[in-house]
Amino acid sequence: MPNVTQLRQDHANMARLLHVLSHRHRTLVSGERPDFRMMREVVDYILDYMQGFIIPLERECSQMLCERSTEATPLCKRLIEQYHTLHTRLSKLSDNLDSILMDQIVPMEQFNSDLHDYVESHRDYLRAERQELFPLMRDHLNDEEWQQLTDAIPHAREELERLQEAYPELYAELTESDVETA
């Protein structure tokens, strides 16, 4: 059975990023001004990660699984649709953060709602991957295919080192957070 440790580490790192956004959301709900620059760093990082890693990995993984399992096809389609919805929501948040940081007027109630919806949707997506996709991967991919996928996954340590250099404040918050990922 292939090892899913790297995928689980990847999910833990994403859960930490979502926790940072969730914390900023609670700050906003309490009536205080959150650190919008920190939010911008998180959103930029997730967008880069989605484009450079998640899209290519999902494409390759979906193709492999759909060749082997009839139950994989509807799941892969559903996850891809969820992912596109996430990406659209995150892009909207990115645009609104740009506007906020340029001191343009953005309705905070709508921004708050959009932020909350994005974080919860992304958590749901991660949960579906963990509970539905990972077991299919374990059951239907051979060792060679598994190796192709794990080689495509950025190593968590390298990603965190890059994050530390690019976003030092964000990295500090991530390493201090204790986030439940199950």
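Express in nm, to one decimal, how much length is gained between VAL29 and ARG123 on full extension, taking 0.36 nm for each residue of separation and deducting their alpha carbon distance.
Numbers: separation 94, 0.36 × 94 = 33.84 nm, distance 1.95 nm.
That pair, VAL29 and ARG123, stretches by 31.9 nm at full extension.
Label reach from HIS84 (point 7 Å along Cα→C-beta): in the range 14-56, amide nitrogens under 17 Å belong to 51, 54-56. Counted residue by residue at 0.36 nm each, then reduced by the alpha carbon distance between them, the extension gain from GLU169 to ASP139 reaches 6.8 nm.
Quote to one decimal, in nm, the extra length available between ASP98 and ARG130 on full extension: 0.36 nm per residue of separation minus the C-alpha distance between them.
Values: separation 32, 0.36 × 32 = 11.52 nm, distance 3.24 nm.
Gain on extension, ASP98 to ARG130, equals 8.3 nm.
Counting only the Cα atoms, the range 1-131 fills a convex hull of 103 Å³ per residue. Here the 3J(HN,Hα) profile of the range 54-65, calculated from phi with Karplus coefficients 6.51, -1.76 and 1.60 at θ = phi - 60°, is 5, 4, x, 5, 5, 4, 5, 5, 4, 4, 4, 5 Hz, Gly and Pro shown as x. Here each label is just a point 7 Å from Cα along the line to Cβ, and for GLN51 and GLU109 those points are 3.4 nm apart.
Average accessible surface for the range 12-88: 49 Å² per residue, computed with a 1.4 Å probe over protein heavy atoms with every protein chain in place. Each peptide in 113-125, 72-84 was scored by the mean count of other Cβ atoms within 10 Å over its residues; highest first, the order is 113-125, 72-84. Taking a sphere under 10 Å around the Cβ of TYR83 and counting the other residues whose Cβ falls inside, with K and R at +1 and D and E at -1, yields a net charge of -2.
The values are calculated or read from the model by the stated rules, or taken from the named source; none is laboratory data. Because the structure is a prediction, the values reported are computed rather than measured. Note that we place each Cβ from the backbone using ideal geometry, even for glycine, and neighbour counts take in every protein chain shown. Calculation scope for accessible area: heavy atoms of the full protein, side chains included, ligands and nucleic acids excluded. Shrake-Rupley method; radii C 1.70, N 1.55, O 1.52, S 1.80 Å.
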